[in-house]
């Protein structure tokens with residue numbers, strides 16, 4: 001399969017995603033500059049973490065207007081897989097591709113730590129290789145990672161099973177102490193209604209090698225790879 005990693009001015013995890021996909025996962029991957037049009041065939045587009053445009057106004061608010069985002073929106077509308085990590089998640093929310101918003105952490109401080117995530121749903125292209133209830137270990141590093149949605153949106157997310165990851169403790173409980181940023185309902189990642197766009201605050205690309213303390217992030221990327229392989233088989 002072919003991956004595209006979009007680079008915005010201020011992206012700082014784009015190289016990590018690229019190296020993880022190419023070296024750890026053995027995938028074909030290409031950098032895509034934010035000012036360019038989206039051209040060529042891609043199976044999955046990744047919006048990486050960082051501080052696009054210096055996080056001026058709101059995180060992701062300016063990047064949402066980058067020329068390439070027109071192509072990303074159309075790609076998603078046609079069923080293409082889109083993964084937003086940290087700042088990428090913020091951009092997807094600002095773009096309207098995902099519901100809700102990411103706001104300042106509850107403690108008003110930047111957090112950088114390992115967290116545990118509980119897989120809530122496995123019928124998606126991003127979690128199909130995991131087991132429901134499985135715990136994944138990955139790092140977070142953000143200042144505006146508190147997920148918020150109004151009550152109607154939250155109810156819709158629950159009803160449609162769009163909450164894919166929650167912050168939990170070592171016993172798998174979604175407790176306040178396990179929540180690093182005050183996210184509503186301990187939400188760490190959500191997908192859209194058609195389940196082809198996924199955003200999460202933790203960094204799976206920094207949890208794909210034993211040297212980094214965890215390989216659990218592979219579950220996200222391998223799920224996408226398996227889904228794309230199945231799609232190609234059906235089309236063939």
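The values are calculated or read from the model by the stated rules, or taken from the named source; none is laboratory data. Keep in mind it's a predicted model, so treat the numbers as computed, not measured. Neighbour counts are summed over all protein chains in view; Cβ atoms, including those assigned to glycine, are modelled from backbone coordinates with ideal geometry.
Residue pairs whose Cβ atoms lie under 9 Å apart, sitting 6 or more positions apart in sequence or on different chains, and linking a residue in the stretch 3-14 that is on the phi > 0 side of the Ramachandran plot to a partner that is surrounded by fewer than 24 Cβ atoms within 10 Å (Cβ to Cβ) and part of a loop (DSSP other than H, G, I, E, B), are 10/51. Filtering 177, 222, 183 for residues that are in contact (Cβ under 8 Å) with a residue 12 or more places away in the chain, over 24 Å from residue 41 (Cβ atoms) and more than 13 Å from the chain's Cα centre (by Cα) leaves a single hit, 183.
Scanning the stretch 75-92 for residues that are in contact with a strand residue (DSSP E or B) (Cβ under 6 Å, 6 or more places away or on another chain) and surrounded by 24 or more Cβ atoms within 10 Å (Cβ to Cβ) turns up 81, 82, 83, 84, 86, 87, 88, 89, 90, 91, 92.
Among the residues of the stretch 191-214 satisfying the criterion of being buried (at least 17 other Cβ atoms within 10 Å of the Cβ) and more than 22 Å from residue 98 (Cβ to Cβ), which is modelled with the lowest pLDDT?
212
Might you let me know whether the stretch 53-74 holds any residue that is more than 14 Å from residue 196 (Cα to Cα), buried (at least 19 other Cβ atoms within 10 Å of the Cβ), in contact (Cβ under 8 Å) with a residue 24 or more places away in the chain and under 14 Å from the mean Cα position of the chain (by Cα)? Yes, the conditions are met somewhere in the stretch 53-74.
Scanning the stretch 121-148 for residues that are out of contact with any helix residue (DSSP H, G or I) (no Cβ under 6 Å at 6 or more places or on another chain) and either under 20 Å from residue 97 (Cβ atoms) or not in a strand (DSSP E or B) (or both) yields a count of 13. When restricted to residues that are touching a helix residue (DSSP H, G or I) at 6+ places or on another chain (Cβ under 9 Å), at negative phi and part of a loop (DSSP other than H, G, I, E, B), the stretch 164-204 contains 11. Reported count of residues in the stretch 13-28, each being closer than 20 Å to residue 140 by Cβ and loosely packed, with under 15 Cβ neighbours inside 10 Å, is 1. Among the residues of the stretch 35-52, the ones that are within 18 Å of residue 84 (Cβ to Cβ) and either under 16 Å from the mean Cα position of the chain (by Cα) or surrounded by fewer than 20 Cβ atoms within 10 Å (Cβ to Cβ) (or both) come to 11 in all. For the stretch 127-138, the condition holds for no residue, the condition being that it is buried (at least 19 other Cβ atoms within 10 Å of the Cβ), under 30 Å from residue 2 (Cβ atoms), free of Cβ contacts under 8 Å to residues at least 60 places away in the same chain and under 15 Å from the mean Cα position of the chain (by Cα).
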